[in-house]
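This report refers to the structure that appears directly beneath it.
Derivation of every value follows stated rules applied to the coordinates shown; laboratory data play no part. Keep in mind that what you see is a predicted model, and the values were worked out from it rather than measured. A quick note on method: Cβ atoms are made from the backbone with ideal geometry, for glycine too, and the neighbour counts reach across all protein chains shown.
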Amino acid sequence: MNKRKKFWDKIVLIAGGLSVHTIGLAAMTTAPVLIKTGKAEPLARYADTTSKMKAEMLSIPVLDTSFNRIDTKMKLAAERLREKTEGLDKYLAENGFNTEFCILIDMSIPSGKNRFFVYDVRKDEVKLSSLVSHGSGSYSKGCDDKLVFSNKPSSNATSIGKYRIGASYYGNFGPAFKLFGLDTTNSNAYPRAIVLHSDRYVPEKETYPRHIFESAGCPVLSPAILTIVSKYIKTSKKPVLLWIYN
């Protein structure tokens, strides 16, 4: 079996509700799923197999409910993660980054869902997933979680793009890592003091449909998750890539 196919077939699902787990996105990229008590189950399990029932089901209009919208968003997020990791190993090697793992953040996913991923490049799997905040300047009331991004100072917004994770230090929020923007969309990250840090107001478990704490533009984790992530970063002999996309 193709290694990459095996990975996507075995993962569990971002919406699983755990703060640290191997994520599986196979259900999101193939058949629709029903989320029940934190588990993903194929809808086909609940479908009647007779032609009559199938015809009746097809005649019922599909409502654009909140559940349908988040299911669609998670399916698209799975496809986007698959796209972002294609050829990523080559980019890391050519630019002097750690080729074993990197960090990916998908800001198209609502803040109450896990959208921070530590991705194992060689094994082609997500080792850890968690909640992460976005900047308060990226969100506006009624935006339906469609964030806006900015590279401007004092915007308090998240900047999308690739970052090099720099040295660790102890700042106003405790342990933190400096971030250096590598694209035109995040080139002001360092002068804006955009860093990777933690805050006790960021939960460890998913809160969707409730939103979580917003930052002044920094990607912010819960203290427990940052402790785990710090071990990955500090033991790396080469710089680690952090990629925020939408």
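Laid out as a table, the results:
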{"read-out": "Per-residue HN-Hα couplings for segment 109-119 [Karplus 6.51, -1.76, 1.60; θ = phi - 60°; Hz; x = Gly/Pro]", "value": "7, x, 5, x, 10, 4, 9, 10, 10, 8, 9"}
{"read-out": "Cut-off under 5 Å, modelled amide H: who pairs with F101 long-range", "value": "V121"}
{"read-out": "Note, ³J(HN,Hα) from phi for segment 163-171, Karplus 6.51, -1.76, 1.60, rounded to Hz, x at Gly and Pro", "value": "10, 9, 7, x, 5, 8, 7, 10, x"}
{"read-out": "Amide H contacts under 5 Å for G135, placed H, 5+ residues apart", "value": "T158, S215, G217"}
{"read-out": "Segment 212-222 - phi-based ³J(HN,Hα) in whole Hz, Karplus 6.51/-1.76/1.60, Gly and Pro as x", "value": "10, 3, 9, 9, 8, x, 7, x, 10, 10, 6"}
{"read-out": "Entries in K84/K123; K162/K238; K123/K205; K84/K237; K84/K146 that, when Cα-Cα distance is taken, lie over 18 Å", "value": "K123/K205; K84/K237; K84/K146"}
{"read-out": "Segment Y91-K123, length gained on full extension (0.36 nm per residue, minus Cα span)", "value": "9.9 nm"}
{"read-out": "Built amide H within the under 5 Å cut-off of K127, gap 5+", "value": "V118, Y119, D120"}
{"read-out": "For segment 197-245, fraction of C-alpha pairs farther apart than 13 Å, in %", "value": "64"}
{"read-out": "Label point distance in nm, D144-K238, each placed 7 Å from Cα along Cα→Cβ", "value": "4.2"}
{"read-out": "Over segment 123-198: Rg over Rh, Cα atoms, Kirkwood Rh", "value": "1.00"}
